[in-house]
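K.L.:
Quick one: structure below, then a few questions.
Laboratory data are not the source of any read-out in this text; all were calculated from the coordinates shown. All of these numbers come straight from a predicted model, not from anything done at the bench. With ideal geometry, Cβ positions are generated from the backbone for all residues, glycine too; neighbour counts draw on all protein chains shown.
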Amino acid sequence: MSVKVKLTAWITALLLVLVAASLLFLMSVTSTVVTENAANQLETTVRSNLTAVSQAEDGTLSMGEGFSFVRSGVYTLLYNESGALLAGQPPLDSPDNVAFENGSLRTDYAADGDAYYILDFWLPFGWDDGLWVRGLMQVPESTGVTEDLLEISLVLLLLMVAVGGVGAYVVVRSAFRPLGKIVSAAESIGEGRDLSRRIGLKPGRDEVSRLATAFDSMFARLEQSFEAEKQFTSDASHELRTPIAVILAQCAEASHHDTPEEHRQDIAVIDRQARKMQALVQQLLQMTRLEQGTQRATFEEADLSELVSVLCEEQPGLPEGTTLHTDIQPDVTAVFDVMLLSRLLQNLMNNAIRYGRKNGNIWVTLRRMDGEILLSVRDDGIGIAPDRLDKIFTRFYQADPSRSGSNGTGLGLTMVRQIAHLHSGEVTVESAEGKGSCFTLRFPATLTATLEEK
Ligand code: ADP
């Protein structure tokens, strides 16, 4: 049974219970009112008859005006002190031999089970003589009135239950409609059909909208993660194929070589290719982790001037003859991920060294301008041809693979751009072939909303 039907059934059942309870209450109130009215009627009639009874001097009883033995269902009977009926006719099958009790209203039952109200009054005449005036009235069956009432109320209340049930179904159905969307989106993603599918509900504050938004962001993360994994698998299998083939070919060739010199050369080739594979796998893993979100960027406010100075001072791969010029504005603080920005700067410096001139220069500049950080690495190396400038940030693109060396993978600048985007920033390049290149990173110094989300 669907939740919709269950909820509607529950609400309707609850309505039915409420309606039944109100009917019972109505019936009990009605029957109380009816019986109370009867008891009042009995008392009023008996009391009015009482005042009309008198005894003449000769001892005979006289019933004055206003006395009546039977009025409005009330029977008035007169008994002497010892309980013998003097006047009046009790109704057929009424309870008899009921002991007298002055002034108290009781209920007694006739042989056929009918209930009667009995009310006695002792009417004294003289010192020790008197008579009992008894009022007798059949307890009215309230069912007549209540039956009518019950019929009307039953129809009305059942109508209310029906309307309430239909209303409940409509409300529940409209409340559950978005859940249907969530289910179908989750199902189609679960079956692996369409990872780009989203629920796409309008954002709202109610639980279902929030659930849908949470699901959508989860789906986005899932898609991103699957895409990154797919990319990794295809990149790794594609890019590792060449070095593996070279290593295998070199091994085959080495088996025909005899001299130590030839073996040394074979080992050097294998070593180069193995290092290339190591660098490639390392960079691919780093990028995939960032794309998948398994490595989260941790942003903190830190002294960027100090970080850049330390990285420049401790530059291990700087060739002899190359001069590193630094122009670092002191005390530039910003919100950034220390590890990622270090990796970015290292990649730019590696490229400046790799594609730099012999005995050339490298300039590293750090500035803060209008709330923006500008970090640039410039070299006076080989430069990049204008038609290649827009390609260098593409995965695995290498303008001149022979210049990139064994550690070049064509992934360095892709990662630089990825890190810049994580900091809500951008990397730009200016280059002149044969003169040099300048890569500049710009990103906001303060933590922005987008940055917080990342
Ligand atoms: P690689 O591992 O080959 O250096 P990158 O992604 O870092 O890969 O760079 C991509 C390509 O861009 C390089 O192969 C090179 O052709 C070019 N390039 C990058 N930096 C420079 C630079 N400073 N000067 C000249 N060319 C560069």
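K.L.:
Taking the Cα atoms only, what angle lies between the long axis of helix 207-254 and the longest principal axis of the chain, rounded to 10 degrees?
P.N.:
Approximately 30 degrees, to the nearest ten.
K.L.:
Below 19 Å, Cα to Cα, which lysines can LYS4 reach? Residues fewer than 8 away in the same chain don't count.
P.N.:
LYS181
K.L.:
Does anyone have the angle between helix 143-190 and the longest principal axis of the chain? Alpha-carbon axes, 0 to 90°, nearest 10?
P.N.:
Between helix and principal axis, roughly 10 degrees.
K.L.:
Moving on to the next point. Given an 8 Å cut-off on Cα distances and at least 6 residues of separation, report the relative contact order of the chain as a percent.
P.N.:
So the answer I get is 9 percent.
K.L.:
For an R0 of 22 angstrom, estimate the FRET efficiency from the Cβ-Cβ distance between LEU92 and SER72 and round to the nearest 0.05.
P.N.:
0.75
K.L.:
Still on this structure: Rounded to the nearest Å, what's the spacing between the alpha carbon centres of region 57-88 and region 160-203? Just the number, please.
P.N.:
81 Å
K.L.:
Follow-up question, since we're still on this one. Going out from 0 in 10 Å bins, what whole percent of all Cα-Cα distances in region 22-85 drops into each bin?
P.N.:
Going from the shortest bin to the longest, the percentages are 18, 35, 24, 13, 7, 2, 0.
K.L.:
Also: Mind checking the full-extension length gain between SER28 and GLU253? Use 0.36 nm per residue of separation minus the Cα-Cα distance, one decimal, nm.
P.N.:
Gain on extension, SER28 to GLU253, equals 70.2 nm.
K.L.:
So, in Å, what gap is there between the alpha-carbon centers of region 220-270 and region 362-426?
P.N.:
One Cα centre to the other: 25 Å.
K.L.:
Mind checking the full-extension length gain between SER82 and TRP10? Use 0.36 nm per residue of separation minus the Cα-Cα distance, one decimal, nm.
P.N.:
Roughly 19.4 nm would be gained on extension.
K.L.:
With the convex hull built on the Cα atoms of region 119-206, state its orientation-averaged projected area in nm².
P.N.:
14.5 nm²
K.L.:
Continuing with the same structure: Can you bin every Cα-Cα distance in region 121-268 into 5 Å intervals starting at zero and give me the percent of pairs per bin, rounded to whole numbers?
P.N.:
Final binned percentages: 2, 7, 7, 7, 5, 5, 5, 5, 5, 5, 5, 5, 4, 4, 3, 3, 3, 3, 3, 2, 2, 2, 1, 1, 1, 1, 1, 1, 1, 1, 0, 0.
K.L.:
What percent of all Cα-Cα pairs in region 1-111 falls into each 5 Å bin, going from 0 up to the bin containing the maximum distance?
P.N.:
Calculated P(r), rounded to whole percents: 2, 8, 13, 16, 14, 8, 6, 5, 5, 5, 4, 4, 3, 3, 2, 1, 0, 0, 0.
K.L.:
Continuing with this model, one more query. Hey, what's the per residue convex hull volume over the C-alpha atoms of region 278-324, in cubic angstrom?
P.N.:
110 Å³
K.L.:
Specify whether the C-alpha gyration tensor of region 312-362 places it in the rounded, prolate or oblate class, a ≥ b ≥ c being the square roots of the eigenvalues: rounded for a/c under 1.5, otherwise prolate if a/b is larger than b/c and oblate if not.
P.N.:
Since a/c reaches 1.5 and a/b is larger than b/c, the shape of region 312-362 is classed as prolate.
K.L.:
Just to be sure I understand the model, the point goes 7 Å from the Cα along the line to the Cβ. What's the resulting VAL281 to ARG177 distance in nm?
P.N.:
Calculated label separation equals 5.5 nm.
K.L.:
In nm, to one decimal, how far is the modelled label at LYS358 from the one at ALA99, with both set 7 Å along Cα→Cβ?
P.N.:
14.0 nm
K.L.:
Let me ask something else. For region 215-324, just say rounded, prolate or oblate: build the C-alpha gyration tensor, square-root its eigenvalues into a ≥ b ≥ c, call rounded for a/c under 1.5, and beyond that prolate if a/b exceeds b/c, oblate if not.
P.N.:
Cα axes put region 215-324 in the oblate bin.
K.L.:
Could you tell me which of GLY64, PHE439, THR35 has its Cα farthest along the dipole of the chain towards the positive end, charges placed at Cβ (Lys, Arg +1; Asp, Glu -1), taken about the Cα centre?
P.N.:
PHE439
K.L.:
For the residue pair SER2 and LEU61, what label-to-label distance in nm results when each label sits 7 Å from Cα along the Cα-to-beta-carbon direction?
P.N.:
7.9 nm
K.L.:
What is the calculated FRET efficiency for SER196 to ARG241, with r their C-beta to C-beta distance and R₀ = 30 Å, to the nearest 0.05?
P.N.:
The computed FRET efficiency comes out at 0.55.
K.L.:
Once you have the Cα-Cα distance between ILE152 and HIS263, take 0.36 nm times their residue separation minus that, and quote the gain in nm to one decimal.
P.N.:
29.1 nm
K.L.:
Which shape class applies to the chain: rounded if a/c is under 1.5, otherwise prolate when a/b exceeds b/c and oblate if not, where a ≥ b ≥ c are the square roots of the Cα gyration tensor eigenvalues?
P.N.:
prolate
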